[in-house]
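Below is one structure, written out as C-alpha cells; comments come after it.
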Amino acid sequence: MQASEVRRAVATAMSTASSLGLPVDDAIVLHDSNKLTLRLLPCDVLARVAPVAHQVAQFEIELAQQLADSGCPVAALEPRVEPRVHERDGFAVTFWTYYEPLTPREISPADHADALQRLHVGMRELDVPTPHFTDRVEQAQRLVANRDRTPALADADRELLGDTLRSLRRVIGERSGAEQLLHGEPHPGNLLTTRNGLLFIDFETCCRGPVEFDLAHAPEEVGDHYPDVDQDLLRECRLLVLAMITTWRWDRGDQFPDGRRLGTEWLRQIRAALDHHGVDARD
C-alpha cells in the first residue's frame, strides 16, 4: 500500500477493533503488500486490511472456518469477535488469532510436506467454488500482453514470458490427472511456526488444480517428502510458477521489495531452465 493508504488502513483497523470491544492502543505493521497485516495491542489480535474493491475476505473467512473444523493446520479466526468482514472507510478488515512466533528456525522440508499433505486431505473434502489454476496463468498472460502495465519489460523478455506461460499452461493441462482444491501459494511466507505446530495462512489465492501446482510454490526439497508426486509434472509447474511470479515483478504497480532485481534474475533462471531441459517455449 502507499504510505498515505497505510495510515488510513491502520486507523481503520484500530477504530474497527475498538468498536467491537477490543482494547487497542497501538498497531504494529507485520506485512505490507496488496493488504496490510497488523498486530493490534494490547488485545493481541491480528488484523488484515485491504481496499474493499480488491479483496476476497469473505471467501477466505468461510474457507478458513471449514478447514479448521476439518482439523486442517490453519490459523484460526479471532474468537472474541464475530467471524465476518468488517467494512469501514473503504477498507475490509478481518480479525485473526495472533500466534506468538517461536524462536526463528528453518522449517524442515519433511515438516512442510507433512503440513501441506494434511491441508490437502482436508481440502479434498470441501466443495467450494474457486478459480482453476489456469485462470491465474491467464491473468499473468494478460499482464505480459499489456505494455501499458509492463512498460519496462523488454520485447525479448516479453516474448519469453508469453511463450513460457502459454506452452506450460497447455502442457500441464494435458498432463495433470486428479485435481482438487489447493492453497494456491503455500510457500514458507504463508506458513507459521507456532506452539500449535505449523499453520497455513492467506487463502485468497485458492484454486483448483494438481497438488504439484501447490508444491511448486514450496522449496524444492519439500517435493521429495510429499508422497506420490509426479516429478515431471512438478518440474513443469515450478517453471510455470516462476514465469508467473516473474511477470508480477514487471507490473508497474508492483510493490514487492527489490522486485525489479528479482524479476531480472528470474528471467535468467527461466532461460537457463529452458536451455537445460531442451524446451522450446514457443511449442
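The values are calculated or read from the model by the stated rules, or taken from the named source; none is laboratory data. These figures come from a predicted structure and were not determined experimentally. Counting neighbours? That spans all protein chains shown, and the Cβs are built from the backbone with ideal geometry, glycine included. Accessible surface is based on the protein model in full, side chains and every heavy atom, while ligands, DNA and RNA are left aside. Shrake-Rupley method; radii C 1.70, N 1.55, O 1.52, S 1.80 Å.
List of remarks:
- One residue from LEU119, LEU102 being buried (at least 20 other Cβ atoms within 10 Å of the Cβ), farther than 26 Å from TRP248 by Cα and touching a strand residue (DSSP E or B) at 6+ places or on another chain (Cβ under 7 Å): LEU119
- Cβ-Cβ under 6 Å pairs, at least 6 apart or on other chains, segment 124-139 side over 26 Å from ALA68 (Cα atoms), far side open to solvent by less than 30 Å² (accessible area, probe 1.4 Å) and of a type in the set (A, V, I, L, M, F, W, C): VAL137/LEU165
- Among the residues of segment 1-22, those identified as aliphatic (A, V, I, L, M), part of a helix (DSSP H, G or I) and touching a strand residue (DSSP E or B) at 6+ places or on another chain (Cβ under 7 Å) are VAL6, ALA9, VAL10, ALA13, MET14, ALA17.
- Figure legend. Inter-residue proximity from segment 178-192: first residues within 12 Å of GLU212 (Cβ to Cβ), second residues open to solvent by 10 Å² or more (accessible area, probe 1.4 Å) and part of a strand (DSSP E or B), beta-carbon distance below 7 Å, spacing 6+ or different chains. Indicated pairs: GLU179/ARG208; GLN180/ARG208; LEU182/ARG208.
- Members of segment 166-188 that are within 21 Å of the chain's Cα centre (by Cα), charged (D, E, K, R) and either open to solvent by 70 Å² or more (accessible area, probe 1.4 Å) or more than 29 Å from ILE107 (Cα to Cα) (or both): ARG169, GLU179
- Of all residues making up segment 225-264, the number that are surrounded by 13 or more Cβ atoms within 10 Å (Cβ to Cβ) and charged (D, E, K, R): 7
- Scanning segment 23-62 for residues that are open to solvent by less than 70 Å² (accessible area, probe 1.4 Å), assigned to a strand (DSSP E or B) and not β-branched (Val, Ile, Thr) returns ALA27, ASP32, LEU36, LEU38, ARG39, LEU40, LEU41, LEU46, ALA47, ARG48, ALA50, PRO51.
- The one condition in (1) touching a residue at least 60 places away in the same chain (Cβ under 8 Å); (2) in contact with a helix residue (DSSP H, G or I) (Cβ under 7 Å, 6 or more places away or on another chain); (3) not charged (D, E, K, R) that GLY259 fails to fulfil: (1)
- Within segment 10-67, considering residues that are over 22 Å from GLY253 (Cα atoms) and among the charged types (D, E, K, R), the one nearest to the chain's Cα centre (by Cα): GLU60
- Taking segment 211-261 as the range and being small (Gly, Ala, Ser) and either touching an Asp or Glu at 6+ places or on another chain (Cβ under 6 Å) or not in a helix (DSSP H, G or I) (or both) as the test, the residues that pass are ALA216, ALA218, GLY253.
- All positions within segment 125-149 that are outside any loop (DSSP other than H, G, I, E, B) and open to solvent by 50 Å² or more (accessible area, probe 1.4 Å): HIS132, ASP135, GLU138, GLN139, ARG142, ALA145
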